[in-house]
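Undergrad: This structure is in structure tokens; I'll ask about it shortly.
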Amino acid sequence: MTPAIETEGLTLRYGHFTAVGDVSLRVEAGARHALIGPNGAGKTSLVHALTGNVPATAGRIRVAGQDVTVLSQAERVRRGLARTFQINQLFRGLTVIENVSLAILERERKTRQFWRSFAADRAVAEEAREHLSFAHLEEMADRPVRSLPYGSQRLVEIAIALATRPRVLVLDEPAAGVPAAQSESIFERINALPRDLTLLFVEHDMGLVFRFAERITVLVGGRIMTEGTPAEIQADERVREVYLGRRGHHGAA
Amino acid sequence: MRLIRIGAGLPLLLAAVASFFLFPEYLSLLNTLFILAIFALAYDLLQGHAGVVSLGHAVFFGMGAYTAAVLAAHGVTEPVVGLLAALLLSGLLALLLTRIVVVGNDLTRLLVTLGIGFLMLEAANQARWLTGGADGMSDFTMGPVLGLFRFDFAGETAFWYSLAALVLVYAFLWRLTTSPFGLALRGIRENVRRMPAIGAPVRRHLATAYTISGGIAGLAGALLAQTSNFASLDMLGFERSAEVMMMATLGGTGSIPGVVLGAVGFSYLKDALSAMSPKYWHLGIGLVLMLSVFVLRGGIAGGVSALLRRLRGWE
Ligand SMILES: Nc1ncnc2c1ncn2[C@@H]1O[C@H](COP(=O)(O)OP(=O)(O)OP(=O)(O)O)[C@@H](O)[C@H]1O
Ligand SMILES: [Mg+2]
């Protein structure tokens, strides 16, 4: 089967510094694939290059077999590749439902309309409510995003990405900055996503990674160190040394 | 906020109509206020809604003014035709300029729009054969509006003509800002970095907004040229560009009724302060601007909605 994401020699350099070096990654369709690595390993940089947020220095990227290397970020979104951000990138002054509606309207190319009220578009409002109810945000629909607790804002991040109707969703530390109890519920929502949606997620908490991922890629110094099933990664001495060793308190029990 | 957005249009219109009967000897001043309000609304579509700044917006105002004047001087004297031509030509000019305005950040945008302003001013100055250069253009006569209403010395026709244009522009922009396109503009204002991540064509949106804004600014310029029977270089000068920014700021950028009040308030202040002290009126304007940013937070509209929130809190 064609992989959902396939990169060949993907490289991202900031000046002389190589943040992502020669990464050839394969994420199977429908996978629950984790990307782990110590701080500064280049995980976010890889997500940037993959999604077109920052143009890659070299290499090729295919999404569902289609070469998207030269496409802009927006065009990749239209081809079904969406992402969330490690640090919230929300429309803070807009309400929760406006945040999600905007993504739907862009997807449907309805943002060219200027002669009718967006709030009067029933189909959009209904779909927006569905995404909100999935993310358990229904009660907060009409509140400005900036007034939400941080944990709920993290869920808005995901709801916006879902509103683009992705085939592949890349989640950069979806639970970053929220207390452990809440990261649990965020990952519970992620786990409830439809199985035909391919997920690639970055996460530091090894407990969560081993529970929710079916495959794990370990990135160190911008390069892939190894890849395997949770059991294989857990047993890998080098991973323990380089990653778990340094962040021992996260070590899977 | 929503309350004043929807509710303020009607009282404003009533106040405008009432002013016709209350201040019959100030009709031409009121006419100017309506025109400046249109210009400020046009500008604020960029600053207040899309969150991008421009320091050369008088270019479009001036383009509209000269379009109307030149047309009238060449025999096209029906005002509405001149208005539409000014709208189209200024919009077209804005569209041509989007390529260099839309790219970059706020700082480069300020510099680029400032530069365009100086270039256009010099171009209009040099093209004496068309624009009259530094002397301006006054050798044209406007025909009756729609062939029916002659411009009179008291300024009655001009009053209703400009007010009608203001009402149309107000309604159009109000509709636009609550539309899907308006939401996309607010998305750009709130977080331009996220927009491409939801598949949004940011440049396209900005180009559209810039074109609409330029067109309406041109319409305002045409109104001024037609109702004052004059077009001159100061209509596209830097001072006018700076003033429109101050009107939007004073009124509360992002709020349509606020910006209208800002245009009126600014003109009143400028008048009152320069009567008090022709030399130091800039000082007064400066202080009021500081107040509206730091104390009212969001100008007149910001002050009103803060007050409304308080009142509601007390209930
Ligand atoms: N815009 C940039 N310019 C220069 N260097 C950068 C830039 N962005 C990131 N880096 C560097 O690239 C390296 C990788 O950063 P990146 O954010 O991709 O790591 P990460 O694996 O996501 O880390 P974390 O776990 O802390 O999120 C770091 O050393 C960082 O300092
Ligand atoms: Mg990161």
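The values are calculated or read from the model by the stated rules, or taken from the named source; none is laboratory data. A quick note: this is a predicted structure, and the numbers were derived from the prediction, not measured. Here the Cβ positions follow ideal geometry from the backbone for every residue, glycine too, while neighbour counts run over all protein chains shown. Just so you know, the surface numbers come from the protein's heavy atoms only, side chains and all, with ligands and any DNA or RNA stripped out. Shrake-Rupley method; radii C 1.70, N 1.55, O 1.52, S 1.80 Å.
This table checks each residue for (1) of a type in the set (Lys, Arg); (2) open to solvent by 10 Å² or more (accessible area, probe 1.4 Å); (3) within 13 Å of ligand 1 (Cβ to nearest atom).
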residue	(1), (2), (3)
A:VAL168	no, no, no
A:PRO174	no, no, yes
A:ALA192	no, yes, no
A:LEU200	no, no, no
A:GLY207	no, yes, no
A:VAL218	no, no, yes
A:THR229	no, yes, no
A:ASP236	no, yes, no
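Undergrad: Test A:ALA29 against the criterion of being over 25 Å from B:ARG203 (Cβ atoms), away from ligand 2 (no atom under 13 Å from the Cβ), more than 14 Å from chain B (Cβ to nearest Cβ) and of a type in the set (Gly, Ala, Ser), and give yes or no. Quick ask: steps written out before the conclusion?
TA: Details: over 25 Å from B:ARG203 (Cβ atoms): yes; away from ligand 2 (no atom under 13 Å from the Cβ): yes; more than 14 Å from chain B (Cβ to nearest Cβ): yes; of a type in the set (Gly, Ala, Ser): yes.
Spelling it out, A:ALA29 is indeed over 25 Å from B:ARG203 (Cβ atoms), away from ligand 2 (no atom under 13 Å from the Cβ), more than 14 Å from chain B (Cβ to nearest Cβ) and of a type in the set (Gly, Ala, Ser).
Undergrad: Look through region A:136-145, keep the residues that are assigned to a loop (DSSP other than H, G, I, E, B) and not charged (D, E, K, R), and return whichever of them is nearest to the other protein chains (Cβ to nearest Cβ).
TA: Initially, region A:136-145 is screened for residues assigned to a loop (DSSP other than H, G, I, E, B), giving A:136-137, A:141-143.
Subsequent filtering for residues that are not charged (D, E, K, R) retains A:136-137, A:141.
Numbers: A:HIS136: 21, A:LEU137: 17, A:ALA141: 15 Å.
So the residue we want is A:ALA141.
Undergrad: Right, another one. State whether one or more residues within region A:81-91 are within 14 Å of chain B (Cβ to nearest Cβ) and without any contact (Cβ under 8 Å) to a residue 60 or more places away in the chain.
TA: Checked against the condition, which is being within 14 Å of chain B (Cβ to nearest Cβ) and without any contact (Cβ under 8 Å) to a residue 60 or more places away in the chain, region A:81-91 yields at least one hit.
Undergrad: Now a separate question. What number of residues within region A:70-92 satisfy the criterion of being away from ligand 2 (no atom under 16 Å from the Cβ) and open to solvent by less than 30 Å² (accessible area, probe 1.4 Å)?
TA: Within region A:70-92, the first condition is being away from ligand 2 (no atom under 16 Å from the Cβ), and the residues that meet it are A:70-82, A:90-92.
Next, only the ones that are open to solvent by less than 30 Å² (accessible area, probe 1.4 Å) stay: A:73-74, A:76-77, A:80-82, A:90-91.
The qualifying residues number 9.
Undergrad: Also: For A:THR44, indicate whether it is within 14 Å of another protein chain (Cβ to nearest Cβ), at pLDDT 95 or above and over 21 Å from the mean Cα position of the chain (by Cα). Let's see the steps before the verdict.
TA: Details: within 14 Å of another protein chain (Cβ to nearest Cβ): yes; at pLDDT 95 or above: yes; over 21 Å from the mean Cα position of the chain (by Cα): no.
In short, no.
This table checks each residue for (1) at pLDDT below 95; (2) open to solvent by less than 20 Å² (accessible area, probe 1.4 Å); (3) within 14 Å of chain A (Cβ to nearest Cβ).
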| site | (1), (2), (3) |
| --- | --- |
| B:ASN125 | yes, no, no |
| B:SER138 | yes, no, no |
| B:ARG186 | no, no, yes |
| B:ARG203 | yes, no, yes |
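Undergrad: Could you check B:GLY251 against (1) open to solvent by 10 Å² or more (accessible area, probe 1.4 Å); (2) farther than 26 Å from B:GLY104 by Cβ; (3) in contact (Cβ under 8 Å) with a residue 60 or more places away in the chain and say which number it fails?
TA: Every condition holds for B:GLY251 apart from (1).
Undergrad: Right, something else. Listed residues B:LEU219, B:LEU223, B:LEU233; which is more than 16 Å from B:GLY182 (Cβ to Cβ), under 12 Å from the mean Cα position of the chain (by Cα) and open to solvent by 10 Å² or more (accessible area, probe 1.4 Å)?
TA: Values: B:LEU223 fails: open to solvent by 10 Å² or more (accessible area, probe 1.4 Å); B:LEU233 fails: under 12 Å from the mean Cα position of the chain (by Cα).
Being more than 16 Å from B:GLY182 (Cβ to Cβ), under 12 Å from the mean Cα position of the chain (by Cα) and open to solvent by 10 Å² or more (accessible area, probe 1.4 Å) holds for just one of B:LEU219, B:LEU223, B:LEU233, which is B:LEU219.
Undergrad: If you go through region A:42-69, how many residues are more than 16 Å from ligand 2 (Cβ to nearest atom) and among the small types (Gly, Ala, Ser)? Spell out the reasoning first.
TA: We begin by selecting, within region A:42-69, every residue more than 16 Å from ligand 2 (Cβ to nearest atom); these are A:52, A:55-69.
Remaining after also requiring among the small types (Gly, Ala, Ser): A:52, A:56, A:58-59, A:64-65.
Total meeting the criteria: 6.
Undergrad: If we scan region B:162-177, do we find a residue that is among the hydroxyl-bearing types (Ser, Thr, Tyr), at pLDDT below 85 and farther than 25 Å from B:ASN229 by Cβ? Break it down into steps so the answer makes sense when it comes.
TA: The first filter runs over region B:162-177 and keeps only residues among the hydroxyl-bearing types (Ser, Thr, Tyr), leaving B:162, B:170, B:177.
Applying the additional criterion that residues be at pLDDT below 85 yields none.
Looking for residues that are among the hydroxyl-bearing types (Ser, Thr, Tyr), at pLDDT below 85 and farther than 25 Å from B:ASN229 by Cβ, one finds none in region B:162-177, hence no.
Undergrad: So which pairs qualify, if the first residue must be in region A:188-211 and of a type in the set (Lys, Arg), the second must be more than 16 Å from ligand 1 (Cβ to nearest atom), the Cβ gap must be under 6 Å, and the two must be at least 6 apart or on different chains?
TA: A:ARG195/A:GLY30
Undergrad: Show the residue pairs meeting these rules: Cβ distance below 6 Å; 6+ apart or different chains; first residue within region A:163-179 and within 13 Å of chain B (Cβ to nearest Cβ); second residue of a type in the set (S, T, N, Q) and within 12 Å of ligand 1 (Cβ to nearest atom).
TA: Note: pairs meeting the criteria are A:ASP172/A:THR44; A:ASP172/A:GLN86.
Undergrad: Give, as residue ranges, the helices (runs of 4 or more DSSP H) completely inside region A:33-135 that count at least 1 residues that are β-branched (Val, Ile, Thr) and within 16 Å of ligand 1 (Cβ to nearest atom). Walk me through it before giving the result.
TA: Details: elements: A:43-51, A:73-78, A:96-107, A:122-134.
Correct list: A:43-51.
Undergrad: Count, please, the residues in region A:11-32 that happen to be within 16 Å of A:THR226 (Cα to Cα), more than 13 Å from ligand 1 (Cβ to nearest atom) and crowded, with 17+ Cβ neighbours inside 10 Å.
TA: Here is the first cut: in region A:11-32, the residues within 16 Å of A:THR226 (Cα to Cα) are A:20-27.
With more than 13 Å from ligand 1 (Cβ to nearest atom) added as a condition, the list becomes A:22, A:24-27.
Add one more test, that the residue is crowded, with 17+ Cβ neighbours inside 10 Å, and what stays is A:25, A:27.
Looking only at that region, the number is 2.
Undergrad: Would you confirm whether any residue within region A:108-125 is in contact (Cβ under 8 Å) with a residue 40 or more places away in the chain, within 8 Å of chain B (Cβ to nearest Cβ) and not basic (Lys, Arg)?
TA: Checked against the condition, which is being in contact (Cβ under 8 Å) with a residue 40 or more places away in the chain, within 8 Å of chain B (Cβ to nearest Cβ) and not basic (Lys, Arg), region A:108-125 yields no hits at all.
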